[in-house]
Amino acid sequence: MSAASFVSRAVLFTFAVIGVAGAAPIAWQQFTGVKACPAIVTVPACNVVLLGYVLMAISAFLMSRARTITFFTAWAPLFLLALIGSGLELVSQDTCPRTSGGVPMCFLSLGLLTLLVLIFLSISRINTLFHETPVY
């Protein structure tokens with residue numbers, strides 16, 4: 001693994017952990033009985049978000065195809081959830097949990113998920129440049 005690939009993976013892991021750190025307190029509130037987030041069917045959305053960020057963090061340590069499958073299996077539903085939540089927030093529905101400053105967390109998640117996919121794609125590009133096994 002090249003140094004550039006290592007750094008990219010470390011950055012991917014770091015930003016995924018930031019997502020975990022944002023989702024974990026809300027999931028904990030939900031677990032302790034406080035209605036902290038909306039439900040997807042019967043599953044609290046914050047639990048889905050927490051699991052997704054954990055899987056993205058784990059994907060930084062996986063090799064090639066397993067990394068791609070794990071990353072996108074986690075990323076795609078979270079991106080869709082953040083996109084829908086952000087859209088609902090924009091049409092005046094209080095859907096997403098908010099930060100202490102009042103910012104809907106789905107906005108932050110949408111930005112973080114966009115950054116994460118760009119980092120992930122950069123790993124693929126770096127692997128190609130250094131003639132390593134491509135991620136996809």
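The values are calculated or read from the model by the stated rules, or taken from the named source; none is laboratory data. For clarity, every value in this text was computed on a predicted model and none was experimentally measured. Cβ atoms come from the backbone with ideal geometry, glycine included; neighbour counts cover every protein chain shown.
Data overview
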| quantity | calculated |
| --- | --- |
| Sole exception among (1) at pLDDT below 95; (2) at negative phi for residue 64, by number | (2) |
| Cβ-Cβ under 7 Å pairs, at least 6 apart or on other chains, region 8-27 side within 15 Å of residue 100 (Cα to Cα) and at pLDDT below 95, far side among the aromatic types (Phe, Trp, Tyr) and not in a helix (DSSP H, G or I) | none |
| Which numbered condition residue 34 fails, given (1) modelled with pLDDT of 90 or more; (2) part of a loop (DSSP other than H, G, I, E, B); (3) among the β-branched types (Val, Ile, Thr) | (1) |
| Subset of region 86-123 (residues that are in contact with a Cys (Cβ under 9 Å, 6 or more places away or on another chain) and charged (D, E, K, R)) | 89 |
| Pick from region 85-107, criterion surrounded by fewer than 18 Cβ atoms within 10 Å (Cβ to Cβ) and touching a Ser or Thr at 6+ places or on another chain (Cβ under 8 Å), ranking: nearest to residue 10 (Cα to Cα) | 107 |
| Residue among 119, 26, 126, 69 that is more than 19 Å from the chain's Cα centre (by Cα) and part of a helix (DSSP H, G or I) | 126 |
| Residue identified as within 17 Å of residue 14 (Cβ to Cβ) and either over 12 Å from the mean Cα position of the chain (by Cα) or free of Cβ contacts under 8 Å to residues at least 40 places away in the same chain (or both) among 55, 110 | 55 |
| Test result for residue 48, touching a residue at least 24 places away in the same chain (Cβ under 8 Å), surrounded by 17 or more Cβ atoms within 10 Å (Cβ to Cβ) and within 17 Å of residue 107 (Cα to Cα) | yes |
| Which numbered condition residue 59 misses (of (1) crowded, with 20+ Cβ neighbours inside 10 Å; (2) closer than 20 Å to residue 27 by Cα) | (2) |
| Yes/no for residue 16 being surrounded by 15 or more Cβ atoms within 10 Å (Cβ to Cβ) and not in a helix (DSSP H, G or I) | no |
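Residue-by-condition table, conditions (1) basic (Lys, Arg); (2) at pLDDT below 90; (3) more than 19 Å from residue 24 (Cβ to Cβ):
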| position | (1), (2), (3) |
| --- | --- |
| 70 | no, no, yes |
| 74 | no, no, no |
| 83 | no, no, yes |
| 91 | no, no, yes |
| 113 | no, no, no |
| 117 | no, no, yes |
| 120 | no, no, yes |
| 125 | yes, yes, yes |
